[in-house]
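For reference, the structure discussed in these notes is given below.
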Amino acid sequence: MDQIAVHQDSATSTDWPVAIYRTLKDFGVAQLSYVPDAGHSKLIKLSHADRAIKTTVLTTEEEGVALSAGAWLGGDRAVLLMQSSGVGNCVNMLSLMASCRFPLLTLVTMRGEWAEFNPWQIPMGKATPQAFEIMGVTVLRLDNPDDAEEVISAAASLAYDGDQQVAVLISQRMIGRKKWTKETH
Amino acid sequence: MTNTQARNTKVMNRFDLTQRLVTKLKDEAVIGGIGNTNFDLWAAGHRPENFYMLGSMGLAFPIALGVALAQPKRRVFALEGDGSLLMQLGCLATIATLAPKNLTMVVMDNGIYQITGSQPTPAAGHTDLIAVAVASGLANSSWAADEDDFERLIEQSMSATVPTLIGVRIDDKPGTGTTRRDPVQIRERFMHGMGVRQPL
């Protein structure tokens, strides 16, 4: 992984994960945790390749909420990556962040919206913004790859400087239409 | 109270064990899990390096992992009840993957949800949490046979090269203190204790 090249690249419509990575680096993010999603795979690879970011794969999203709290308690800035299906898992644990006024920056790749083919993904996808909002989390949308740096930067300021819990929902349209797997009979 | 035949461990007292731990501490961090676990930590003597959880059942170990990764030179202790750990067993695998050597976890196992009326946990009597931890990849996990063994395991963990998990069988006594609940004060005091925040 040539990190210098990554830093010098300018973000294009296809390398928005690089723009996100670069913005997180600018904000001094030192811990990244994730429940994997295909939409996050490039950012996850960049994070694992970066020795300055402690990267943690989680068994469930609540763990990542706690890890973000612990990181802040120890003086680190953290970011949590998940898919929209995991948002419901976090609801009770978002109390921890609101009560203690811990910053939370979470980047959520959306399912259940643009051209979703799997009905099982739809209810949680549709409820994702509300699930955050009922717990007081500010929800920002990232719909256009060219806006990646600006939106992540705004979210990071709000979280780390404003002590807020912020979720950036990354549009399913941006990640690309999922390839259909033909159902068998 | 669990009664697994394979275990030949003394039934101890949470407050007594917590006091034994706190007596040994200097600048180590301690994350006290929800309920009686943090009540006894509070009662054992307030320290800026203590973080008290009054909610978020099951997250003491994941929070401690975040602190341990952020402060690799500081030892971080996490105290958790058996019922809480059952909610987040997956965190044992997560911690085994990262394997921070500066993390010592203690599971206070009485086999009951004491604070809600002493109902037995689903694990009571047949799930061996130390076996679960070992199987999750935390090889340095063991039951403390008695109080002396607990102290020995705590001291041993201070210079361990892998994370440590210590199981203690405890009685059904409630916690002895009542932690002050203001979450932001608890956070701020802890962050001062960690040296990452200066008072205004």
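Here are a few things to note about the model shown:
- Dipole moment magnitude, nearest 20 debye, segment B:68-200 about Cα centre, only Lys, Arg, Asp, Glu C-beta charged: 820
- Candidates B:Pro122, B:Pro62, B:Pro100, ranked by Gaussian network fluctuation over chain B, Cα under 10 Å, top entry: B:Pro122
- Integer Hz, Karplus 6.51/-1.76/1.60 couplings in order for segment B:161-173, x for Gly and Pro: 9, 9, x, 10, 10, 10, x, 10, 7, 10, 7, 9, 6
- Centroid-to-centroid, using Cα positions, segment B:24-94 and segment A:117-185 are 31 Å apart.
- The longest stretch of chain A left intact once loop-based trypsin sites (Lys or Arg not before Pro) with at most 11 other Cβ atoms within 10 Å are removed from consideration, loops following DSSP, is A:52-176.
- Mean-position separation - Cα centroids, segment B:148-187 and segment A:32-55, in angstrom: 32
- For segment A:60-147, size of Cβ-based charge dipole, Lys and Arg +1, Asp and Glu -1, in debye: 200
- Alpha-carbon radius of gyration plus Dmax, which is the widest Cα pair, for the protein assembly as shown in Å: 21.5, 67
- Dmax and Rg, reported as Rg then Dmax, of segment B:1-98 (C-alpha, Å): 13.9, 40
- Evaluated with a Cβ-only charge set (Lys, Arg +1; Asp, Glu -1), the protein assembly as shown carries a dipole of roughly 180 debye about its Cα centre, given to the nearest 20.
- Think of it as helices only: each DSSP H run of n ≥ 4 in the protein assembly as shown is worth -39500 (n - 2.57), and spread over all residues that comes to -10500 deg cm²/dmol at 222 nm.
- Cα-based shape type of segment A:80-154, given that a ≥ b ≥ c are square roots of the gyration tensor eigenvalues and the cut on a/c is 1.5: oblate
- Under-5 Å amide H pairs with B:Thr176, H placed in peptide plane, nonlocal only: B:Asp40
- Exposed-site-free run, longest, chain B (rule: trypsin sites (Lys or Arg not before Pro); DSSP loop; at most 10 other C-beta within 10 Å): B:74-200
- The residues of segment A:15-112 have, on average, 26 Å² of accessible surface per residue, using a 1.4 Å probe with all protein chains present.
- GNM flexibility winner over chain A from A:Ser153, A:Ser33, A:Ser99 (Cα, springs under 10 Å): A:Ser99
- Selection from A:Ala154, A:Met174, A:Gln164, by position along the positive dipole direction of segment A:134-185 (Cβ): A:Met174
- Amide H partners (placed H, <5 Å) of A:Leu105, local residues excluded: A:Leu80, A:Val166
- Calculated FRET value between A:Ser171 and A:Ser41, using beta carbons and R₀ = 25 Å, to 0.05: 0.90
- Across segment B:48-55, computed HN-Hα scalar couplings (Karplus, 6.51 cos²θ - 1.76 cosθ + 1.60, θ = phi - 60°) run x, 7, 9, 10, 9, 9, 10, x Hz from first to last residue, x flagging Gly and Pro.
- Taken over the alpha carbons of segment B:62-120 as equal point scatterers, the Debye sum produces base-10 log I(q)/I(0) values at 0.24 Å⁻¹ of -0.94.
- Pairwise FRET efficiency - B:Asn8 versus B:Thr116, Cβ, R0 = 41 Å, nearest 0.05: 0.90
- Residues in segment B:14-23 carry Karplus couplings, in order, of 4, 5, 4, 5, 5, 4, 4, 5, 4, 4 Hz; the curve used is 6.51 cos²θ - 1.76 cosθ + 1.60 with θ = phi - 60°, and Gly or Pro positions show x.
The values are calculated or read from the model by the stated rules, or taken from the named source; none is laboratory data. Keep in mind it's a predicted model, so treat the numbers as computed, not measured. Counting neighbours? That spans all protein chains shown, and the Cβs are built from the backbone with ideal geometry, glycine included. Remember, those area values only see protein heavy atoms, side chains included, never the ligands or the DNA or RNA. Shrake-Rupley method; radii C 1.70, N 1.55, O 1.52, S 1.80 Å.
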